[in-house]
Amino acid sequence: MNNSTCKRAVKFFILAAAATILAALLTYIISPDVKSVTEWVDNRSSEQVKEAAGIKKIGAYIVNNGVSVPLQMLFLAFIPVQFLYLLNILTTSLLPGILFGILLQIDLRKGLEIIASAIPHYVIEVFALCLFAAILFELNRAVRGKIRNVCKKDKERISFGRKALKTVKIYVLFVLPLIALAAFVETYIGDMILSLIQK
């Protein structure tokens with residue numbers, strides 16, 4: 001994994017964090033109906049993750065956030081439109097922001113405590129997806145280059161196979177393990193952090 005991929009992942013993460021903060025602030029300021037917004041967010045959560053507990057929850061979380069979401073992002077990367085694969089990250093970033101805003105609206109102190117306990121899991125999960133998006137940036141560029149080559153007389157040499165292999169390698173070595181770690185942190189560490197804060 002090169003420097004430019006890491007730098008791009010950090011830029012994507014800053015964008016995602018800004019979206020979360022903005023969503024939290026807007027939700028807190030607008031003060032929407034808590035019940036209807038909670039139901040709306042709840043409907044967008046995976047049923048498997050909601051109903052599972054312990055190791056089963058970690059497994060369901062990995063399947064949803066470590067397999068389903070990256071597959072959607074990969075599919076979007078094959079569409080020759082730049083940054084389309086960031087849509088999943090924006091959705092993943094906006095939903096916690098809305099929930100954070102609601103928590104702050106209900107009880108400021110408890111809301112801040114819950115947000116503090118959710119930050120480690122949030123950072124690991126969102127950064128993992130941003131890292132995947134950073135490598136998809138290169139794959140998407142190769143896709144767009146291949147399409148441009150169809151219309152060009154002087155064809156550009158693009159190693160699409162190498163980019164695809166690099167995408168799989170980064171996913172297996174970094175993205176999936178980080179998603180698994182985020183699942184573990186959310187299931188076990190988040191509650192421990194919250195209980196320590198509330199003491």
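What follows draws every value from the coordinates through simple rules; no lab data is involved. Computed from a predicted structure; not experimentally measured. Cβ placement follows ideal geometry from the backbone for every residue including glycine, while neighbour counts extend to all protein chains displayed.
Tabulated data for the structure shown
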{"read-out": "Kyte-Doolittle at least -0.5, axis length at least 27 Å by Cα - qualifying DSSP helices, the chain", "value": "3-30, 87-106, 108-151"}
{"read-out": "For Phe83, residues with placed amide H under 5 Å, excluding near neighbours", "value": "none"}
{"read-out": "Computed E for Leu181/Ile29 - FRET, C-beta separation, R0 35 angstrom, nearest 0.05", "value": "0.55"}
{"read-out": "Pairwise FRET efficiency - Ala18 versus Val150, Cβ, R0 = 45 Å, nearest 0.05", "value": "0.75"}
{"read-out": "Rel. contact order, % - alpha carbon contacts under 8 angstrom, at least six apart, the stretch 3-194", "value": "33 percent"}
